[in-house]
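Written below as structure tokens is the structure these notes are about.
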Amino acid sequence: MAAASSKPSEAKSPAKVTIGISGMTCASCALRIEKGMKQLDGVQSVNVNFGTEKATIAYDPTRIPPDRFVEKIQDIGYRAVTDSVRLRLEEDVQDDTARSAATRLQDLTGVVRARYEAPDRSLVVTYFPETIRPAELRRILRDWDCPTKDLGEQRDAAQLAREAEIRRWLIRFVVGAVFAAPLAVWMVADLLGARSVSAPLSNRWLQLALATVVQAFVVQFYYIDSYHNLKNRNANMSVLVALGTSAAYFFSLAVVLLGLPYATYFESSAIVLALISLGKYIEARAKGATSSAIKQLMGLAPKSAHAVIDDVEKEIPVDDIAPGMELVVRPGEQIPTDGVVVSGKSSVDESMLTGEPLPVEKRPGDSVTGATLNQSGALHIKATRVGRDTALAQIVAVVEEAQAQKAPIETLADRISSVFVPAVVGIAAVTFLAQWVVAGSAVSALIAAVAVLVVACPCALGLATPTAITAGVGVGARRGLLIRGGEPLQTAAKVDTVVFDKTGTVTRGKPTLTDQIPSEGIEDQYLLRLAAAVESASEHPLGRAVVEAAKEQHLSLPRVQGFTAESGRGVQAEVDGQRVLIGSAKAMQGWGIAIDAFAAKASALEEAGKTPLFVAADHQLIGLLAVADTIKETTFEGIEALQQDHIDVYLLTGDTRRVAAAVAEQIGIPQEHVLAEVMPDQKAEQIKRLREQGQVVAMVGDGINDAPALATADVGIAIGTGTDVAMATAGITLMSGDVRGVAAALRLARATVRKIRQNLFWAFVYNVVLIPVAALGYLAPVLSGAAMALSSIIVTSNSALFNRYNPLRGLTKTEEQWAAQLEQEEKGPSGSAEASAGQAVDPVCGMTVQIGQEAATSTYDDVTYYFCSEACKQAFDAKPQHYATATDPVCHMQVTIGKEAGSFSYEGKTYYFCNENCLRDFSADPKRYLQEVPEAEAE
């Protein structure tokens, strides 16, 4: 059974649900829902986001059941997005267990209702898909000893609701356009004096018939929405549309039916409704596009995994993975869940998580993340986190929460929207009376009032902020920059000071051997070999750095005897018959060993922020080693980019001032901006002091001791390679340890706020400029409708274009080098039997083998495979079909023969494919792809 940590907690007080809502047309709709939901007893807070069409509700589950939310939202005039799933039970589940599970499911946050149907032996669960998903329900039931069968492919209820909304507006527009088109032709022809065209369409009864179809089919939505609004003592854009178009239509209807000698305005009402429907259709599509980041992230997860169960490899759904399971991941496959490598070596593409283009080498003991791509070798991993506990699921949760939040700037639009509609109705009434008095014509006065009502629709105002924030958060998520909502995003745009923690942030966080200085007549490798042999028995971090350096140089370490460690002095042991001592200058002096020859060099190393280690053998100094926490390669470019953006950069550390000063000098931070020897509990005080000086401060850290400072800063930025506590405290998380991500995140924040301001400008400029023009009678209703639709189109399109923004562009001098390296890797098969550049990959262990230096070879199906050892060859020969791979000639991905999605024979050779799309493309034009792929890559 899965560990309890793999399931969401059962409902506690307070609980929080996120509910998708369909039917909203503007920001005032969101305000209306917020106001109505807050009236429910037990609801503590409500946040409705028009851009993402979601409501986030905090409530007391002991006082209000979740089905009341569905009823209330429907009563207000909208629809809560729910879905139902039928979970069929495994045969060994007892009825009593199933009934108990149904009762317990009712208490889960996100479940609306659940029941057990005994004849069908299934649980039927209605739930909010934005809060909980069927896969999570299955994992929870499995923990309750109530396992269910595989669900198969599940639909996305929220996406289906969004698509249905888009279809409805498309149908309204098409119907409106078809029947309004003849009226538009008549209007234009009449204005141009083209009587031959306008005469056939000038019949008033024909115009009445055309306008009535549009009025009956399109405007009904606005009538219903206006009814619900007015019933709840609210007014939104639907009221404006209903008032404006109805006034034009019913006035014209009265003229025709009563035979009055006035002009009709059927074309105005019909064309306005068609244009508004077009604007709403484009708006609905844009809202879906800006919130596509979540769908893209969720789509990254694989659907199945290869698990080793009772020593037999089986393919199982990802939902059935439990912590502790052993999983097999072959070259070209996605890693199904978070885990630790048990055996095998490979390079893994983690770009979906970190934004880094270069693959990361993985060996036994290394952690791997679900949905990342295994590139070269076979890996056996042990699952550690599944379901909502995985890194990908947590990223999705952060993005969903961020996109549902409002930025402070959005409250401006909300306040305006709350008073906008009543104010416009008042302006329209004054316009009608003033025009009637001045012009003496009730008809012209009515037309001017209608124009005011139509042009004032605040759709664009409501879309300006949420669509930009949704796009900005999505852009960041795809680049490894997790932003927790609109508030940190807006605050980050104002940051003028960035404070970096040193260890693990600007440095790697672990000591590394940096210098080897042997005595005269002593070789470098001899010095390191003796020192590493002694330190291999030590647990000290400095000693481990020496051992790691010896491993990297492939040095064989001799046996040690009589190892002793003296606290504050050093270590010593017997190596190859010599007494080897390693320690500080003070330790050497205590042992009576002269260090005068290296004293100046040791002092210079200390000035550079390094720790010197003296090495002696048989009481003779044989050399000096230096260990330091080295600076990350990306730190220099990251800090330089911040300084180019006119941001002050500080270094904050508990290390000594000398070490801190040396590090600051290397990375370009002024000495007056070095805050050294600061205890963990004093870091927050330093941040507070900077804020009190009027600076807007971002704190960048990775450790538990950084959490108070992250929380105290205006914006906390956590390094994603650090601790969960730091990430939970921060408003922005960099999924990689790349310092350049700080500059990228701040640039993204500034760009998003600029996009919001652009949107607000376009939203306001139409209303501010065109309402007076319409009130003076210089704007016909049909032009008002076109202007209103155009403002929404501009705002949504402007936000949608933001998805192309790349905050990392220009931040690194090595991007072209990385791109060239990736291109070269993609051209050559990384895991094929015969690789380019004289190398191959052992198909059993995944190790790279230099052709000509292999331990053994084997031929299978006319392909030669190369092995690093006889053991790998024996494993391959015993089951070659299990290890044999081929390169997909279309996408160059590695395919395990026997596990391919399809194969195709061409000119006597068989080619294997990772998916059906590649198979289809190849079969349509084989020669095109065979020119790109070496013949040896086909099987």
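On inspection, residue 760 fails the criterion of being modelled with pLDDT of 55 or more and either part of a loop (DSSP other than H, G, I, E, B) or open to solvent by 40 Å² or more (accessible area, probe 1.4 Å) (or both).
Listed by position, the helices (runs of 4 or more DSSP H) inside segment 665-746 whose residues that are open to solvent by less than 40 Å² (accessible area, probe 1.4 Å) and at pLDDT 75 or above number at least 2 are 683-692, 707-712. For segment 116-151, a residue qualifies if it is of a type in the set (Ser, Thr, Tyr) and either more than 21 Å from residue 321 (Cβ to Cβ) or free of Cβ contacts under 8 Å to residues at least 24 places away in the same chain (or both), and the qualifying residues are 116, 122, 126, 127, 131. Give me the residue from segment 769-818 that is among the charged types (D, E, K, R) and at pLDDT below 75 and, out of that set, nearest to the chain's Cα centre (by Cα). Restricting to residues being among the charged types (D, E, K, R) and at pLDDT below 75, the top hit is 815. Annotation note: of 97, 62, the sole residue that is hydroxyl-bearing (Ser, Thr, Tyr) and outside any loop (DSSP other than H, G, I, E, B) is 97. Within the set 162, 172, the sole residue that is assigned to a helix (DSSP H, G or I), at pLDDT below 85 and in contact with a Ser or Thr (Cβ under 8 Å, 6 or more places away or on another chain) turns out to be 162.
When 198, 246, 238 are checked against the criterion of being surrounded by 22 or more Cβ atoms within 10 Å (Cβ to Cβ) and either at pLDDT 80 or above or assigned to a helix (DSSP H, G or I) (or both), a single residue qualifies: 238. When segment 310-319 is filtered for residues that are surrounded by fewer than 19 Cβ atoms within 10 Å (Cβ to Cβ) and in contact (Cβ under 8 Å) with a residue 12 or more places away in the chain, the ones remaining, listed by number, are 313, 316, 317. Residue count for segment 165-218, restricted to those that are in contact with a Leu (Cβ under 8 Å, 6 or more places away or on another chain) and small (Gly, Ala, Ser): 5.
Number of residues in segment 263-284 that are in a helix (DSSP H, G or I), at pLDDT below 70 and out of contact with any Asp or Glu (no Cβ under 9 Å at 6 or more places or on another chain): the value is 3. Scanning segment 612-639 for residues that are among the hydroxyl-bearing types (Ser, Thr, Tyr) and more than 28 Å from the chain's Cα centre (by Cα) yields a single hit, 630.
The values are calculated or read from the model by the stated rules, or taken from the named source; none is laboratory data. A quick note: this is a predicted structure, and the numbers were derived from the prediction, not measured. Quick reminder, even Gly has a Cβ in these numbers, built from the backbone with ideal geometry, and neighbours come from all protein chains shown. In case anyone asks, the SASA skips ligands and DNA or RNA and just uses the protein heavy atoms, side chains included. Shrake-Rupley method; radii C 1.70, N 1.55, O 1.52, S 1.80 Å.
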